Amino acid sequence: MTINWFQAAILGLFACLCSNSCMAGQAVGNYTIGRPLVGGLVCGLVLGDLKLGIACGVAMQLVYIALVTPGGTVSADVRAISYIGIPLAMVAISSRGMNPLGTSAANLAKSVGTLVGTVGTVLYYAVATMNLVWQSFGWKDVEKGRLQNLYGVNFGWPWVSHLIFSFVPTMLLTHFGASAVTALRNALPMDGIPMKTLFTVGGMLPCVGIAILLRQIVNKPMDFVPFLVGFTFCASLKLNLVSVTIVSLLFAAIMYEVQMAESKKVVVSASAGDDDDDEEEEDI
């Protein structure tokens, strides 16, 4: 598999769309197009291998399933993961003749995505730094009363930042990186220590994503029990996550009914207490 200039340019354009709020917006751009699960679909369509693209996107989504950017703090850039990491992972898997749905292919995709995510962080902060220049232009326009120029500051000039630090790097890294990945195929054999290390690390990376997600949901030890039951079903009964999710709906409905019943009891007891107080006041 190779990536030509036209395909690399399309990937660069999507890298801009998933991060530039003046075009696709945060909801559609960053939190939809920019996610590896959707990025895998886009990359599969662009590179002509839909199955491999979706498989790589699913594998990388597990690692970054709980990735958030509180206060602009970015540990990894999903824009780079989706539109640099996934194409390069597709080239690596295709050049080695791996099964797209196999464990080795998924582990290799996770490792490549993690490496690229760190590089993408540098590009993210480069865009943010350059946008400060446009903000300085905006403050000068406000001081001089030229408020109509603020549209350019918000919706025009940021495109320059993204073209320099999103479009161009994505296009160059996907085009030339594909050749580099293909060259590494001969330098790093499948049974060598470097490739075995990548597969081992890639196999453990989803645990990090799941752990971060659980850390945001689990507030006390008992909250972990439903997740433990679901993982046990997957491991012992060989059920997939969709089946376990459907089974969990039953437990969710039961817990909801129990909590609603307890709430009704509290309301009734509170009302009864108020009536008793009124009767005592009347007696007095």
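Remarks
- In segment 34-62, the residues that are open to solvent by 10 Å² or more (accessible area, probe 1.4 Å) and outside any helix (DSSP H, G or I): Arg35, Gly48, Asp49
- Residue list for segment 220-255, filter: of a type in the set (Phe, Trp, Tyr), within 21 Å of Val58 (Cα to Cα) and open to solvent by 90 Å² or more (accessible area, probe 1.4 Å): Phe231
Table: residues versus (1) touching a Gly at 6+ places or on another chain (Cβ under 6 Å); (2) surrounded by fewer than 23 Cβ atoms within 10 Å (Cβ to Cβ); (3) farther than 21 Å from Gly39 by Cα.
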site	(1), (2), (3)
Ala92	no, no, no
Ser104	no, yes, no
Lys110	yes, no, no
Val119	no, yes, no
Thr129	no, yes, yes
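- Any pair with Cβ under 6 angstrom, 6 or more apart, that starts in segment 140-167 at a residue that is more than 23 Å from Tyr124 (Cβ to Cβ) and ends at one that is at pLDDT 80 or above and buried (at least 16 other Cβ atoms within 10 Å of the Cβ): none
- Residue in segment 76-86 that is touching a residue at least 24 places away in the same chain (Cβ under 8 Å), polar (S, T, N, Q) and surrounded by fewer than 24 Cβ atoms within 10 Å (Cβ to Cβ) present: no
The values are calculated or read from the model by the stated rules, or taken from the named source; none is laboratory data. As the structure is a computational prediction, the values presented were derived from the model and not from experiment. Every residue, glycine as well, gets a Cβ built from its backbone with ideal geometry; the counts of neighbours run over all protein chains shown. Areas reflect the complete protein model, heavy atoms only, side chains present, ligands, DNA and RNA absent. Shrake-Rupley method; radii C 1.70, N 1.55, O 1.52, S 1.80 Å.
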